[in-house]
Every structure is written in C-alpha cells, then in structure tokens.
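First comes the structure, then the notes that go with it.
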Amino acid sequence: MSQAKRTPPEGYLPVGEVVKPQGIRGEVRVLPTTDAPQVWQGIRQVGLFDRAGNWLTPAVTACRIHQDMVIAKLEGLEDRNGAEALRGLILYAHREVLAPLLEGRYFLVDLIGCGVEDENGRSLGRVIEVMQPGANDVYVVQDGRQEILLPAIASLVREIRVEEKRIVVDSQVLSEVAVYED
C-alpha cells in the first residue's frame with residue numbers, strides 16, 4: 001500500500017518528509033513541506049504511517065533547523081538503522097500545534113473542496129488539487145466537464161474564504177491565465 005493512499009486522522013497535516021538519517025544516534029533529516037521550517041520548533045509529536053501501514057505517533061524529543069532542513073530526534077529511534085527505516089516517510093502534525101498562519105496564508109488542504117467563482121458569481125467548479133510546480137501554486141479546478149488550471153497569483157485571486165469554502169477570481173485575468181484541459 002503506497003503512502004499516498006493513506007489518510008491520516010482528522011486534523012493532521014503533512015509537515016515533512018524524512019529524506020535520510022542524520023548521524024549515528026537515530027536523528028532524521030526532514031525536508032519540510034511547509035514554507036516556514038520554524039513551525040517545527042512547536043511540534044512535540046508527529047504522526048506517521050510505518051511501512052506496514054500502522055499509524056504511529058512518536059514524540060519529537062529534539063529538533064533543530066539546519067539550512068533548509070529539519071534535524072529531528074523521534075522517540076524510539078536509537079541508531080542510524082532505525083532512522084534509515086523512516087527514509088521516504090511523510091511526517092504529520094496536528095493543526096492545533098502549528099503556529100497560527102499569517103493573514104492571507106492557508107493550509108493547502110483547506111483549499112481542497114473550495115468552490116471557485118468569478119466576481120459575477122459564475123461558478124467555475126471546485127478545487128480538487130493544489131499543485132506546487134515552482135513560482136506559484138496552481139489550483140486544479142473541476143467543473144464536471146473539464147479541469148481548469150488557475151495560477152494562484154494576486155492579480156487573479158481576489159478573495160479566499162476557507163471558512164466559507166469559497167474562492168473568487170477576476171474574470172478578466174482569468175481569460176488571460178487559465179489553462180483548460182479536457
């Protein structure tokens with residue numbers, strides 16, 4: 001069973017991927033999946049699916065930021081072999097322990113399912129995925145007939161209200177930047 005098919009318990013969000021062991025004492029080097037690695041300094045416990053598909057929640061006993069990576073020590077990891085066993089696994093943290101987001105920032109998972117409409121109320125569909133190809137995120141919007149790829153740029157996205165599951169876009173900019181796929 002691939003890790004991508006597993007769904008963590010309610011409220012858990014991905015915060016990093018174990019890329020390799022760090023040293024010989026069971027630390028792991030983690031590539032953060034957040035744009036602010038400092039969020040790790042408030043995380044005292046992570047969730048992960050082991051290779052057998054079991055959900056585990058080890059404590060984070062130590063954590064430091066080194067360049068763009070997080071070096072973490074997880075409860076139960078005592079040596080390099082134990083750390084190596086986690087290579088490639090996704091680590092999750094409960095949203096309640098994550099620092100509050102700045103205004104205008106959102107967890108990607110909260111954008112999934114948002115209805116997208118233009119400023120006139122014309123529905124374009126719902127966000128089914130958020131891609132991160134590079135310079136900006138791209139919202140994949142499905143309307144039942146086709147997919148629309150919308151770059152998450154300030155000139156296009158007028159308003160995001162995750163509590164209402166609603167995104168409003170500028171129709172003039174939409175005609176210039178949207179990519180329609182059948």
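From the list GLY53, GLY26, which residue is farther than 30 Å from ARG166 by Cα and in contact with a helix residue (DSSP H, G or I) (Cβ under 6 Å, 6 or more places away or on another chain)?
Numbers: GLY53 fails: in contact with a helix residue (DSSP H, G or I) (Cβ under 6 Å, 6 or more places away or on another chain).
Testing whether each residue is farther than 30 Å from ARG166 by Cα and in contact with a helix residue (DSSP H, G or I) (Cβ under 6 Å, 6 or more places away or on another chain) leaves just GLY26.
Exactly one of these conditions fails for THR61: (1) closer than 29 Å to MET131 by Cβ; (2) of a type in the set (Val, Ile, Thr); (3) surrounded by fewer than 20 Cβ atoms within 10 Å (Cβ to Cβ). Give me its number.
Every condition holds for THR61 apart from (1).
Go through region 22-48 and report how many residues are assigned to a strand (DSSP E or B) and within 19 Å of the chain's Cα centre (by Cα).
Count: 7.
For region 122-139, give me each residue that is on the phi > 0 side of the Ramachandran plot and modelled with pLDDT of 95 or more.
Scanning region 122-139 gives a single hit, GLY125.
I'd like to verify a number: residues in region 86-102 that are under 17 Å from GLU17 (Cβ atoms) and exposed (fewer than 14 other Cβ atoms within 10 Å of the Cβ), how many?
Residues meeting the conditions: 2.
In this structure, does VAL15 turn out to be touching a residue at least 24 places away in the same chain (Cβ under 8 Å), closer than 15 Å to ARG95 by Cβ and either surrounded by 13 or more Cβ atoms within 10 Å (Cβ to Cβ) or in contact with a strand residue (DSSP E or B) (Cβ under 8 Å, 6 or more places away or on another chain) (or both)?
yes
If you go through region 147-158 one residue at a time, how many are loosely packed, with under 12 Cβ neighbours inside 10 Å and in contact with a strand residue (DSSP E or B) (Cβ under 8 Å, 6 or more places away or on another chain)? Let's see the steps before the verdict.
Going residue by residue through region 147-158, those that are loosely packed, with under 12 Cβ neighbours inside 10 Å are 154.
Applying the additional criterion that residues be in contact with a strand residue (DSSP E or B) (Cβ under 8 Å, 6 or more places away or on another chain) yields none.
Here the count works out to 0.
Between a residue in region 96-117 that is without any contact (Cβ under 8 Å) to a residue 60 or more places away in the chain and any residue that is among the acidic types (Asp, Glu) and surrounded by 14 or more Cβ atoms within 10 Å (Cβ to Cβ), which pairs come within a Cβ distance under 8 Å, given they are 6 or more apart or on different chains?
LEU108/ASP137; ILE112/GLU129
Please determine, by comparing only the residues of region 159-182 that are part of a helix (DSSP H, G or I) and without any contact (Cβ under 8 Å) to a residue 40 or more places away in the chain, which one is surrounded by the fewest Cβ atoms within 10 Å (Cβ to Cβ).
So the residue we want is GLU163.
Between ARG64, ARG44, which is free of Cβ contacts under 8 Å to residues at least 12 places away in the same chain and either in contact with a Pro (Cβ under 7 Å, 6 or more places away or on another chain) or within 16 Å of GLU27 (Cα to Cα) (or both)? Spell out the reasoning first.
Details: ARG44 fails: free of Cβ contacts under 8 Å to residues at least 12 places away in the same chain.
Only one candidate passes the filter, namely ARG64.
Would you check which residues across region 112-142 are touching a strand residue (DSSP E or B) at 6+ places or on another chain (Cβ under 7 Å), loosely packed, with under 13 Cβ neighbours inside 10 Å and closer than 13 Å to VAL169 by Cβ and list them?
Scanning region 112-142 gives a single hit, SER123.
Would it be correct to say that ALA154 is at pLDDT below 95, within 18 Å of SER175 (Cβ to Cβ), over 15 Å from the mean Cα position of the chain (by Cα) and in a loop (DSSP other than H, G, I, E, B)? Before the answer, list the steps.
On the way: at pLDDT below 95: yes; within 18 Å of SER175 (Cβ to Cβ): yes; over 15 Å from the mean Cα position of the chain (by Cα): yes; in a loop (DSSP other than H, G, I, E, B): yes.
So ALA154 passes the test.
The values are calculated or read from the model by the stated rules, or taken from the named source; none is laboratory data. These numbers come from a predicted model, not from an experiment. Using ideal geometry, Cβ is built from the backbone for each residue, glycine included, and neighbour counts are taken over all protein chains shown.
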